[in-house]
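A.B. asks: Structure below; questions to follow.
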């Protein structure tokens, strides 16, 4: 009798654990990703690119440029972009700068929010919307572990990509977080040919990624005219110029 009772309790416990797991992970992640178009980087990432159904974090002096590049990649497959900023005139996005990276203005939704809490709320709601390709939230401070978990669950529910952007942050964010990857992006001197300089260079560092044991770094170059991203080692040589970062804000 006692043996049967223990078996029954064990069965109930397993059923309860399965139910809790289903609530916490309502949908299996799709094996999809937003490719960077560079095999050297995409092959390093477990999903072959920026994983969907996941939240990522970006910091550094050119974090906004990298966010715009990812937004352009999402627009290339006709997925809307939700970009959340604080309700401040200095946070207005600069359309021509976004267009350089392939962002389609008719697919861009801008949410002007009153403070961090409202940005996080808008991001969570957007991440649950399956039709949205990318949700960006510009935040001036690190996100708590609890808040990042909420964003991650929302991304899984909507099979969407979330991007926490700490634009201009000079130090790597080290707070505990549920984000899948952490990136640092800084501007580098560019090489120009002739009188025109239509290229942007970044030092791109993958500071954290599940299944990747150590930090990885690459120097990359975005060609505004060709709309392509290349490793600096593969880019054509020219004359050394000052760092050229396309401004995303007024």
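Values quoted throughout were computed directly from the atomic coordinates according to the rules given, and no laboratory measurement underlies them. Only a predicted model underlies this, so the values are computations on that prediction, with no experimental measurement involved. All Cβ positions, glycine included, derive from the backbone under ideal geometry; neighbour counts span all protein chains shown.
A.B. asks: Can you tell me what percent of all Cα-Cα pairs in the range 38-243 are more than 31 Å apart?
C.D. replies: Values: 3123 of 21115 pairs.
Here the long-distance tail beyond 31 Å is 15 percent of all Cα pairs in the range 38-243.
A.B. asks: If you don't mind, another one. Just rank 77, 161, 109, fewest to most, by other beta-carbon atoms within 10 angstrom. Walk me through the numbers before you get to the answer.
C.D. replies: Values: 77 8, 161 29, 109 13.
Fewest-to-most ranking of 77, 161, 109: 77, 109, 161.
A.B. asks: Give me the percent relative contact order of the range 38-243, please, defined on Cα pairs under 8 angstrom at least 6 residues apart.
C.D. replies: Details: 458 pairs, mean separation 51.5, N = 206.
That works out to 25 percent.
A.B. asks: Continuing with the same structure: Sorting check: for 151-159, 225-233, which peptide has the highest mean count of neighbouring beta carbons within 10 Å, and how do the rest follow? Don't skip to the end; give the middle numbers.
C.D. replies: On the way: 151-159: 21.4, 225-233: 13.6.
Output ranking for 151-159, 225-233: 151-159, 225-233.
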